[in-house]
Amino acid sequence: MGDFALVTGGSRNIGGAISRRLTEDGFRVIVLDMVPPEHDALELFLPVDLSDAAATAAALAEAVSGRAVTRLVNNAGIVQPASLEETTLDSLDQVAAINLKAPILCAQAVLPAMKAAGRGRIVNISSRVALGKALRTAYAATKAGLHGMTRTWALELGAHGITVNAVGPGPIRTSLFEAVNPADSPRTQAIVAKVPVGRLGTPEDVAEAVAFFASDRAGFVTGQVLYVCGGMTIGAA
């Protein structure tokens, strides 16, 4: 039987594609999410609001009980767009609870098994928005913070055979994206026009990058951020 992989926000869209891809690679997937999975590529589903630290800790305790989780994908995240003037501290706290605090709790929960095994992979799902985007003060700050945590954890955990990397998606065609950006709208066409490869990304594009970082093949790669963005971030920094 394969190792266990824990995927937050793994029920649909990018998280669903990651769950399916890791299952194809032989991992036994555990999904933590607020909504039921829209796929069957998992062994265990634990419904939880990841913004609730106590509930998250309880779900994590159940997830790792009797299971050696050697792969963690911190995929869950929220945005809450707002201009600087309209950004509230409450909104920042809500975004940070899922985008920063939950990944810390998840990593802490799986580290004992990873250290005992002498190997592990942590993949944090970031965003190209970490490089800056209008109306994204809270989101950009937390995703940039996730980059800092990725590098810090890589330094702390490398000696234990544990690598830590991040994947930063660009514009990805998800159900949420399509609901806000109809394919034939001028706004959507303008977004596509800015992508050097000439198309939007798919959840599977992101899942392929995650699959590499989660694999044994990636043992000499740690502390890195890989943008899966069709070239949109070239020169953006």
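All of the numbers you see were taken from the coordinates with simple rules; none came from a lab. What you are looking at is a predicted structure, and each value in this text was computed from that prediction instead of being measured. All Cβ positions, glycine included, derive from the backbone under ideal geometry; neighbour counts span all protein chains shown.
A count restricted to the range 164-186 and to residues that are out of contact with any helix residue (DSSP H, G or I) (no Cβ under 6 Å at 6 or more places or on another chain) and either of a type in the set (Phe, Trp, Tyr) or farther than 26 Å from ARG199 by Cβ (or both) stands at 1. For first residues located in the range 39-66 and under 18 Å from GLY16 (Cβ atoms), partners that are of a type in the set (Asp, Glu) and surrounded by fewer than 19 Cβ atoms within 10 Å (Cβ to Cβ) and lie 6+ apart or on another chain with Cβ distances below 8 Å form the pairs ALA41/GLU24; LEU46/GLU62. In the range 1-58, of all residues being in contact with a helix residue (DSSP H, G or I) (Cβ under 9 Å, 6 or more places away or on another chain) and among the hydroxyl-bearing types (Ser, Thr, Tyr), the one that is nearest to ALA209 (Cα to Cα) corresponds to SER19. THR174 satisfies every condition listed in (1) surrounded by fewer than 17 Cβ atoms within 10 Å (Cβ to Cβ); (2) within 21 Å of the chain's Cα centre (by Cα); (3) farther than 18 Å from GLY120 by Cβ; (4) hydroxyl-bearing (Ser, Thr, Tyr) except (1).
Right, ARG151: surrounded by 19 or more Cβ atoms within 10 Å (Cβ to Cβ), under 19 Å from the mean Cα position of the chain (by Cα) and charged (D, E, K, R) or not? No.
Annotation: LEU32 fulfils all but one of (1) more than 15 Å from ASN124 (Cα to Cα); (2) of a type outside the set (Gly, Ala, Ser); (3) not in a loop (DSSP other than H, G, I, E, B); the unmet one is (1).
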